1. Hey, with R₀ at 30 Å, roughly what FRET efficiency would E316 and E236 work out to, going by the Cβ-Cβ distance, to 0.05?
2. Below 8 Å, C-alpha to C-alpha, sequence gap of six or more: please give me the relative contact order for the range 240-349 in percent.
3. Under a cut-off of 18 Å between alpha-carbon atoms, report the lysines in cross-link reach of K331, not counting same-chain residues fewer than 8 places apart.
4. If amide hydrogens are placed 1.01 Å from N in the peptide plane, which non-local residues have theirs closer than 5 Å to the one on G95?
5. In nm, to one decimal, how far is the modelled label at A129 from the one at S45, with both set 7 Å along Cα→Cβ?
6. Of S125, P152, G264, whose Cα points farthest to the positive end of the dipole of the chain (charges on the beta-carbon: +1 Lys, Arg; -1 Asp, Glu; origin at the Cα centre)?
7. What is the mean projected area of the alpha carbon convex hull for the range 311-356, to one decimal in square nanometres?
8. If each residue of separation counts as 0.36 nm, what is the full-extension length gain between D293 and K331 once their alpha-carbon separation is subtracted?
Amino acid sequence: MTQHIVPEVFKPLWKEKARYRGAYGGRGSGKSHNFATMLVIRAVSQKGFRAICVREVQRSLKESALRLVSDTIDRLNLGGEFSVQTNQIKTPGDGLISFTGMQDHTAESIKSLENIHVAWVEEASNLSARSLELLRPTIRADGSEIWFSWNPRNETDAVDQFLRSENIPENSIVVKSNYDSNQFFPSELEEERLFDKKHNVERYSHIWDGEYEPRVKGAIWDRATIHAHRRSDPPEMNRIVVAVDPAVSEEGGDEHGIIVCGIGEDNRGYVLDDLSRHGSPKQWAEQTIAAYDKWSADAIVIEINQGGDMVRHTLESVRPGIRIIEVRATKGKHVRAEPISALYQLGRVSHVGTFDKLETQMCQVTSAGYQGDGSPDRVDAMVWAMTELFPKLNRQKPKVDHRENVSASWMG
Ligand SMILES: Nc1ncnc2c1ncn2[C@@H]1O[C@H](COP(=O)(O)OP(=O)(O)OP(=O)(O)O)[C@@H](O)[C@H]1O
Ligand SMILES: [Mg+2]
């Protein structure tokens, strides 16, 4: 095995005996690598070791820590001891590391985790209070432990309440790490950090110093509400639309918002996908149409106040005859967003999975304007999609364009 170096800040996590171990802090501080290394070392020193890497929502294995754990095995030159499979890792002595999303579990199914030695919750700021409550009594094998790594967001988040409030469990070790405690901090991230220091002053200390997210005064969405209704699977959908809000200029930092939303047979709204991206008109058009195909959407929703013809034209040049619904902004941006935020407050919208960037933008929209940097393209697209899916919110009915149906039949 290759010798591994443990950064000073994480050493307490390695030494003492504890039921709960937590590392929180800013981006790139080595939290994930540290726990991945601990996991691999445990697995070689304890035959038959069983661990589970947990996230609140895990839509695919790509989102899991599988890659990180398998890279760590390679980094430590331990490839011969493990068998890395597509969805799990066999550890020495017939043990296993597997990967799961808490939202895929019911109170019943979670019982399958009872013989686990270590559960590691990655990105634990996303962990809901329900999941934490399910997990704690489930991990009950003799000497079993639960580990948490997270970038703090809100002091009301379940993991912060559990491990950073006044009454934390006695048998827990919690450390804070930042980029400057990671001797492996890569130069690419250093560039990002310096950029944020200069251009993203408001959020710098949240992102890099591990401080709580600055709460935007008067924001019309909040994380707790979004979390409370999050799901990992959508029900049957009655309608699905893709909304696209292209950035005005290609050079600016703004992205093209591309959001997929649906209305379920339960008459609730669902945010299904966020495929927003930078790039040329052809690229956003292709991405939007790929989303349309992937989700078998009914239509693409575009807003026609600003260059609507150009948007239509760009989409049609990629896919002639595609079904487009044009909506016209008759009210200001934030006025349009408010009825949608009211739906969230009423518990009528769920995010299927976590859409970090969209949710960050949402929590910076106030009735007086957007308090984030640039333009909230993702929110705009989401608001358009939901406005189309909940037409009663919109007194002036969106205009549905049937022209394309004619050309669609032409196109065969
Ligand atoms: N033990 C290590 N060996 C080699 N490189 C490491 C190690 N620990 C950290 N790094 C480097 O530092 C970077 C940041 O580490 P890591 O991803 O673990 O941080 P993090 O705190 O989990 O970051 P984030 O907040 O983005 O989740 C890694 O991408 C890797 O390049
Ligand atoms: Mg990490």
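None of the figures in this text is laboratory data; all of them are computed from the coordinates on show. Given the structure is predicted, the values throughout are model-derived calculations rather than measurements. Note that each Cβ is placed from the backbone with ideal geometry, even for glycine, and that neighbours are counted across all protein chains shown.
1. It comes to 0.50.
2. Dividing the mean separation by the residue count of the range 240-349 yields 24 percent.
3. Within reach: K392, K397, K399.
4. Amide H neighbours of G95: G48, F49.
5. Label at A129, label at S45, 3.7 nm between them.
6. In the chain, that residue is G264.
7. 5.4 nm²
8. 10.6 nm
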